[in-house]
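Reading through the structure tokens given below for one structure.
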């Protein structure tokens, strides 16, 4: 029975943590997290806000890198005619 209580407490803690991360990622402030979860220390809420900011910055960096790569790979040649092939042509 003690193990079940420990497991239940762990699941509740993980659920609260997941909820805090999700709220912070959706833009909740540290003060809002404190109000929702009843935390009295700003430091506790700030952990989740900083984690969300780090994830957001990482995603932004990868998006910028992908955009840069796609801009560098754009062909500068005019498009060929859709039906054009090299069959039947000679270099005479």
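Every read-out reported here was derived from the displayed coordinates using simple, explicitly stated rules and does not represent laboratory data. Keep in mind it's a predicted model, so treat the numbers as computed, not measured. Cβ placement follows ideal geometry from the backbone for every residue including glycine, while neighbour counts extend to all protein chains displayed.
Report relative contact order for region 1-70 in percent, whole number only (criteria: Cα-Cα under 8 Å, sequence separation at least 6).
It rounds to 25 percent for region 1-70.
Can you compute the FRET efficiency between residue 43 and residue 72 using 1/(1 + (r/R0)^6), with r the Cβ-Cβ distance and R0 = 35 Å? Round to the nearest 0.05.
The value I calculate is 0.20.
If you project the alpha carbons of region 2-70 onto their three principal axes, what span does each projection cover, largest first, in Å?
Result, largest extent first: 56, 28, 16 Å.
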